[in-house]
Amino acid sequence: MSRKLYTVGPVNVPEDVLKAMDRPMITHRSKEYRELHRSIEEKLHKAIGTDDDIFMVAGSATILLEGAARNGIRKRSLGLSGGSFGDRLVQVAQLNGRQVEVLRKPMGQGFSPADLEGRVMGDIDAVHWVCNESSSGVLLDSAALAEEVRSQNPDAIVMVDAVTSMFAVDHRMKDLQADSVVFGSQKDLALPPGIAFAVVSKEMMKRSEKMENKGFYTDFVRLKEKNDEDYALTTPPVSLMFGLDYQLDKMLREGMSARYRRHEEMADAIRKWAEERMEGIFPERGYESKTIGVVRRGGLDFDRFHSILKSKGMEISNGYGDAKKTTFRIGTMGDLGLKDVKQLMDSMDEALEEMKQ
Ligand SMILES: Cc1ncc(COP(=O)(O)O)c(C=O)c1O
């Protein structure tokens with residue numbers, strides 16, 4: 001039985017998007033592919049609001065998070081972490097032989113520029129964080145953090161994981177000026193998993209040119225050479241790209257401001273529901289995610305609650321990492337709207353009633 005997904009990703013892929021992918025295959029060194037690639041690039045630049053290069057590869061987002069570490073960190077980075085995906089970035093850098101100084105906060109707390117004071121000194125040559133930490137539902141003001149990094153060390157590379165915030169939240173790209181911003185297809189783009197993206201600055205490219213051991217797949221210089229010709233370095237996920245081209249048209253028709261507002265409205269509704277029915281939302285005030293409502297579940301029997309919801313055709317996500325047993329998560333990414341969220345909240349209310357019986 002198919003279920004409507006209010007998950008943290010993969011998320012619901014609408015019928016029209018699935019249909020847009022149902023097209024005969026084209027080869028990736030053809031004129032048709034080149035036109036598709038160029039069309040997607042143009043639309044991505046518009047939707048994101050950047051002139052920087054945007055790379056697309058077959059894979060999940062982590063492949064380009066790894067790419068950013070291999071091309072961007074010379075020796076030592078500062079990694080901000082308040083949850084599982086911040087830790088993942090640290091691990092990715094360490095497994096690639098980099099030293100990482102970790103600035104850690106308890107899950108649920110956000111980072112402000114003041115937390116970075118005096119931390120981007122000495123031999124720190126890159127700083128990385130997760131814009132929207134999917135385990136805790138904490139959303140950071142990445143532009144403000146990046147400004148603080150640059151004020152301390154203009155040469156430090158800024159690397160942002162925007163996997164669960166890109167297209168849902170205004171990253172103020174012109175202020176952010178990050179050196180890499182990475183995301184994947186299975187989150188707010190509402191496509192199946194399989195495309196990883198990186199927005200990459202000129203500074204990152206300069207650094208990449210001098211870096212060794214970047215591998216083949218994750219070498220930004222090789223990726224750029226092909227991308228400049230509107231080709232992919234290795235075989236691209238062509239069917240997904242048909243869907244992506246279609247989704248970007250829809251997104252630009254909706255307009256980015258309207259899209260950000262829609263996500264804000266859904267997040268507000270979930271937050272209100274969590275305050276009225278549960279023990280509220282997990283992240284500290286002022287840092288609440290616009291795409292993932294991490295709900296403090298108190299004594300709720302989540303497995304029973306979730307199986308009732310599933311029987312009604314809806315799926316949400318369990319808690320994650322250290323908050324696995326104390327929270328559950330509601331994803332409102334992609335094409336969902338307030339009507340869908342109301343439908344979910346009605347079903348969650350019914351499930352709570354049924355559990356009293
Ligand atoms: C914030 C964040 N970063 C990174 C990842 C890893 O992405 P992927 O599984 O696409 O590699 C996820 C996955 O959920 C995520 O939520």
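Values in this text are rule-based calculations from the coordinates and carry no lab data. Computed from a predicted structure; not experimentally measured. Here the Cβ positions follow ideal geometry from the backbone for every residue, glycine too, while neighbour counts run over all protein chains shown.
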Quiz item: Is it fair to say LEU240 is within 14 Å of the ligand (Cβ to nearest atom), in contact (Cβ under 8 Å) with a residue 40 or more places away in the chain and surrounded by fewer than 23 Cβ atoms within 10 Å (Cβ to Cβ)?
Solution: yes
Quiz item: Filtering segment 118-152 down to residues that are more than 12 Å from the ligand (Cβ to nearest atom) and among the polar types (S, T, N, Q), which residue is surrounded by the most Cβ atoms within 10 Å (Cβ to Cβ)?
Solution: SER142
Quiz item: Would it be correct to say that GLY59 is in contact (Cβ under 8 Å) with a residue 40 or more places away in the chain, of a type in the set (Gly, Ala, Ser), out of contact with any Leu (no Cβ under 9 Å at 6 or more places or on another chain) and within 29 Å of GLN152 (Cα to Cα)?
Solution: no
Self-check item: In segment 149-170, the residues that are of a type in the set (Ser, Thr, Tyr) and not in a loop (DSSP other than H, G, I, E, B)
Solution: SER151
Self-check item: Those residues of segment 98-109 which are surrounded by fewer than 21 Cβ atoms within 10 Å (Cβ to Cβ) and in contact (Cβ under 8 Å) with a residue 60 or more places away in the chain, in sequence order
Solution: GLN109
Quiz item: Would you say LYS174 is surrounded by fewer than 23 Cβ atoms within 10 Å (Cβ to Cβ), in contact (Cβ under 8 Å) with a residue 24 or more places away in the chain, away from the ligand (no atom under 16 Å from the Cβ) and among the basic types (Lys, Arg)?
Solution: yes
